[in-house]
Amino acid sequence: MLVELQGQIERITYSNEADGFTIARVKVRGQRDLVTVVGNLAAPMPGGILRMTGEWIQHPKYGEQFKIASCHVTVPATIHGIKKYLGSGMIRGVGPVIAERIVDTFGEKSLDIIEENIGDLAKVEGIGKKRIAMIQKAWEEQKEIRQVMLFLQSHGVSAAYATKIFKFYGDRAIPVVQENPYRLAMDIFGIGFVSADRIAENLGFGKDSPVRAEAGIIYVLNQLADEGHVYYPYEPLMEKCREVLGVDRGVLVDAFARIESDRQIRIEDLNEAPEAFEANNKAVYLSTFYACETGVANRLRILLTAPKTLRAIDSAKALAWVEQRLAIQLAPEQREAVQSAIDSKVMVITGGPGTGKTTIVNAILKIFAKADARILLAAPTGRAAKRMSETTGHPAQTIHRLLKFSPAKGAFEMNFENPLACDVLIIDEASMIDTVLMHHLLKAVPAVATLILVGDVNQLPSVGPGNVLGDIIASGAVSVITLKEIFRQASQSDIIVNAHRINRGEMPRFNPAAPKTDFYFIQKEAPEAVLEIILKLVRERIPRRFGFDPVDDIQVLTPMHRGIVGAGSLNTALQEALNPGEGGVQRGQRIFRTGDKVMQVRNDYDKEVFNGDIGRISRITPEDQQLLIRFDGREVVYDYADLDEVVLAYAVSVHKSQGSEYPVVVIPVLVQHYILLQRNLIYTGVTRGRDLVILVGTKKALAMGIRNDRTRRRHTRLRQRLGG
C-alpha cells in the first residue's frame, strides 16, 4: 500500500549516475532513527526536503527501507538543513565553511537572501564580489537545472545527466528533448541511444517512428565503429538494426534512404565487376568515416607522386657517413631502411621490440639534418612522444598538438591551407593511428614532404576505427621495411625474447631461477586467487624486491573490463589497497580521491587531454565543484560534471595501453578471457613492459591466446582504395 512520507536528507549513501538510483538516509519527523530511502531521485542533496510517495519494504540484508514510487525535492527550511544544503557542493563558491558563515549571519533567511538580495552576502567574512558573482550564477543555473531535472525525471531520464543536458542546450533543453529526444544520444557524451529511446517512449514516440529508426541506424553504426569498423556491410547491418530496434525491414529501408539523402551516411556499391554482382553488396559508412578513409587514400597518392623539395642525397655516402658519425655498424636490414627513407616519399618501418627501430630513426635524423631538412617528430600519445624525444634527442610532440586544435573553430589549425612547415615528418607508434586522425594528419603534410611511419604492425590495431598501418602495408603502395633481427643487447631481455616467441606463436620461456630475469609467470586458476596475488604484487612484493613505486611505475593490464579481474573490479580493489581513505567525489559507483591514478577516456580538445592519457588527481575543491588532475607535469581543471571523461587507471585494458611504456606490467591471463584472448593482445600487453613483466593465471589460457592468431576482422576499404 502506498503511503506518503516527508523528511530531510542527512546523507547520500549511494547514487548511480546511469539510472539515478539513490540510497539516502533521511530524518523523518516522529522517527527516532534515520530512515533509509531507495529509489530514483532528482539531484538529491544533503539538507534537501523530500516529499515522497512509496511503500515500506523489508530488505533481507539491510532491513526496513522506504521504496520511493514518486518524489518531489524542495529546498530546506531549518537552519540545520540549509547549512547541509549549501555546504553539499551544489552551489559553486560555497563549501562547508562558507555555508556555516552564511547561515550564522542570516539564519533561516539564508536562501531568501541568495534568491532576492544576494549583494548582502558581502557581509559574510570571506565573500567578496567575485565569489558573490560565482554564487549568483550557480544559483540561477541550479533553478533552471531543477526545472529541467523535474521534466526529465517525469519522462524516465536519470537526474544525474541533467547538468550536462542543461550545460549543452541551456534554456532550450526542454523543447529540444520534446522535439527529438534522440539528439541526446548524439550530442551528449554519456547518454546513449537506450536512454534516449526510453525518454522518447515516455514522450509518446512510437516504436516505428521514423526519427527512432534513423537514430537507431546511426547508433548501431557508432557501436560498430567502437569495435573498429570504418563501414559495415548493408545486409548484416540491416539485421543488427532490426535486432536492436525490433521493427520491420520496410521501416529501416525508408530510414536508410532518408539519412543517406541527408548525408548522414554514405552507401558504396561493392560490385566492382558486373559478373561478380551480388544483391545489396554495399558498404554503409557514417559520412565522417567515408570522408576520412577516402581522404587518407587520396592524400597518400598525392604524397607518393609529388616531387621532393630536398636536394638529392647520395645514399651510399650518407650511410657510410652516418655509421662513422654514430660509431656503429648498421645491419643489412637497417641499412635498407635508411636507404629507403632517403629515396622514398612515403615509407613504413615495422618491427618488434629490440629490432633497432630507434637506431634507424636516429640515423635518418642525422642524415636529413645534415641536408638542412626541416624535420618534425610526432606520436599519437604524450608518453610515446616523450619517449621519442628521449631516444632521439630531437623534440617530439603528440599528433594533436602538432596539428594545433582550435577550440574556437572546432577544428585543427594545420590543414591543406595551412600545412606543416617540414620537409620530413616521422611518426612513431603508427599502429595506434585510426582513420580519422590519419586523415587530419595527412591533410596537414605538405605534398613535397617525406613521410616515415614507424610502428609494430603485430600489435593490436588502433582503439578508434580502422586498421590504417596494416592496410597501408597490405596495399603494397608504399615502401615497407620489416625488421626481424633481435640485436645482441636486446636479446639479453627475456621480455623481448618472449615477445618475439609469442609473435611467432610459441609459448614464452620462464626461468625464475635464473640470476637475472625480467619475465615471470605465477600459476593461479581461480579469479579470486589471481586478484589476491595481483594486489600483493603491486602493493608489497614488487616494490619490496625491485624498488618500483606501486602507483607510478606499476601498471596492471587486463584483457577485459568486466569480471573479478576485469578493469572495473581491479581498480576498485587497487584503489582501496593503494589509496584508501574517506571522502572524495562520487560519480555513480566510482569514487575519486586526491592521489588517485586516472585515465582520460575521450578526446577533450578544450583541455588538450586525449583518450588514453594517464594522470594523478592533485587536488579536489568541493566549493568550486572541481578537481585538478596532473598530466605529465601539467594540471588540468575538471568540473564535477566532466568526471565521466575519466576512470580509475590502476588497471587499464590492454587496448588502452597502446603507445605507452611502463617500467612494470602485471597481466592476468585466465580462460574466462577466452573471447578476447588473441596473440596480438598478449603480445601488445607484454611489449608495454620495459623492466619487468609478470603474468598471473594459467598456462592453458596463455597457450589458448598465443594459438589464436585470427585477429578480429575490421571492415575497412583503405587497402583497396590504395590499389591493394
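Observations, loosely collected:
- Residue 661 being among the acidic types (Asp, Glu), more than 30 Å from residue 583 (Cα to Cα) and open to solvent by 30 Å² or more (accessible area, probe 1.4 Å): yes
- Taking each residue of the range 475-486 that is farther than 12 Å from residue 300 by Cβ and looking for partners that are among the hydrophobic types (A, V, I, L, M, F, W, C) and open to solvent by 40 Å² or more (accessible area, probe 1.4 Å) with beta-carbon atoms closer than 6 Å, six or more apart or interchain, yields 480/473.
- Residue 119 in contact with a Lys or Arg (Cβ under 7 Å, 6 or more places away or on another chain), under 30 Å from residue 101 (Cα atoms) and either surrounded by 16 or more Cβ atoms within 10 Å (Cβ to Cβ) or at pLDDT 75 or above (or both): no
- The sole residue among 65, 58, 31, 8 that is surrounded by 14 or more Cβ atoms within 10 Å (Cβ to Cβ), at pLDDT 80 or above and either out of contact with any Lys or Arg (no Cβ under 8 Å at 6 or more places or on another chain) or of a type in the set (Gly, Ala, Ser) (or both) is 65.
- Sub-8 Å Cβ pairs linking a first residue in the range 709-724 that is among the basic types (Lys, Arg) to a second residue that is open to solvent by 40 Å² or more (accessible area, probe 1.4 Å) and not in a loop (DSSP other than H, G, I, E, B), at least 6 apart or interchain, are 719/474, ordered by first then second residue.
- Any hit, the range 666-676, residues being more than 28 Å from residue 388 (Cβ to Cβ), over 22 Å from the mean Cα position of the chain (by Cα), among the polar types (S, T, N, Q) and open to solvent by 50 Å² or more (accessible area, probe 1.4 Å): yes
- Residues in the range 352-370 that are modelled with pLDDT under 90 and open to solvent by less than 10 Å² (accessible area, probe 1.4 Å): 352, 355.
- Residues that are in contact with an Asp or Glu (Cβ under 6 Å, 6 or more places away or on another chain) and either crowded, with 20+ Cβ neighbours inside 10 Å or in contact (Cβ under 8 Å) with a residue 40 or more places away in the chain (or both) within the range 388-405 comprise just one, 388.
- Selection within the range 446-497 - out of contact with any strand residue (DSSP E or B) (no Cβ under 7 Å at 6 or more places or on another chain), in a helix (DSSP H, G or I), aliphatic (A, V, I, L, M) and open to solvent by less than 40 Å² (accessible area, probe 1.4 Å): 468, 490, 496
- Restricting attention to the range 685-720 and to residues that are touching a Phe, Trp or Tyr at 6+ places or on another chain (Cβ under 8 Å) and over 20 Å from residue 510 (Cβ atoms), the residue that is surrounded by the fewest Cβ atoms within 10 Å (Cβ to Cβ) turns out to be 717.
- Residue in the range 291-303 that is under 23 Å from residue 372 (Cα atoms), touching a residue at least 12 places away in the same chain (Cβ under 8 Å) and either basic (Lys, Arg) or surrounded by 16 or more Cβ atoms within 10 Å (Cβ to Cβ) (or both) present: yes
- Residue among 173, 196, 185, 200 that alone is of a type in the set (Gly, Ala, Ser), open to solvent by less than 30 Å² (accessible area, probe 1.4 Å) and in contact (Cβ under 8 Å) with a residue 24 or more places away in the chain: 173
- Residue 456 being touching an Asp or Glu at 6+ places or on another chain (Cβ under 7 Å) and within 18 Å of residue 685 (Cα to Cα): no
- Residues that are among the aliphatic types (A, V, I, L, M), open to solvent by 20 Å² or more (accessible area, probe 1.4 Å) and either in contact with a Phe, Trp or Tyr (Cβ under 7 Å, 6 or more places away or on another chain) or part of a loop (DSSP other than H, G, I, E, B) (or both) within the range 415-432 comprise just one, 421.
- Residue check, residue 377 assigned to a strand (DSSP E or B) and closer than 29 Å to residue 606 by Cβ: yes
- The condition of being at positive phi and open to solvent by less than 20 Å² (accessible area, probe 1.4 Å) holds for only one of 581, 563, 612, that being 612.
- Condition met for residue 287 (open to solvent by 20 Å² or more (accessible area, probe 1.4 Å), over 26 Å from residue 723 (Cα atoms) and hydroxyl-bearing (Ser, Thr, Tyr)): no
- Among the criteria (1) touching a residue at least 12 places away in the same chain (Cβ under 8 Å); (2) over 27 Å from residue 599 (Cβ atoms); (3) part of a helix (DSSP H, G or I), the one residue 501 does not fulfil is (1).
- Residue within the range 511-522 that is aliphatic (A, V, I, L, M), modelled with pLDDT under 90 and open to solvent by 10 Å² or more (accessible area, probe 1.4 Å) present: yes
- Cβ separations smaller than 8 Å between residues 6+ apart or across chains give the following pairs from the range 305-323 residues that are modelled with pLDDT under 90 and open to solvent by less than 70 Å² (accessible area, probe 1.4 Å) to residues that are acidic (Asp, Glu) and assigned to a helix (DSSP H, G or I): 315/343.
- Answer residue from the range 89-116, given it is of a type in the set (D, E, K, R) and either over 17 Å from residue 45 (Cα atoms) or buried (at least 16 other Cβ atoms within 10 Å of the Cβ) (or both) and is nearest to the chain's Cα centre (by Cα) among those: 92
- Enumerated strands (runs of 3 or more DSSP E) restricted to the range 551-667, each holding at least 2 residues that are at pLDDT 90 or above: 554-558, 597-600, 614-621, 626-631, 634-639, 646-648, 651-653
The values are calculated or read from the model by the stated rules, or taken from the named source; none is laboratory data. Since the model is a prediction, treat every value here as computed from it, not as a measurement. Neighbour counts are summed over all protein chains in view; Cβ atoms, including those assigned to glycine, are modelled from backbone coordinates with ideal geometry. All accessible areas refer to the heavy atoms of the entire protein, side chains included, with ligands and DNA or RNA removed. Shrake-Rupley method; radii C 1.70, N 1.55, O 1.52, S 1.80 Å.
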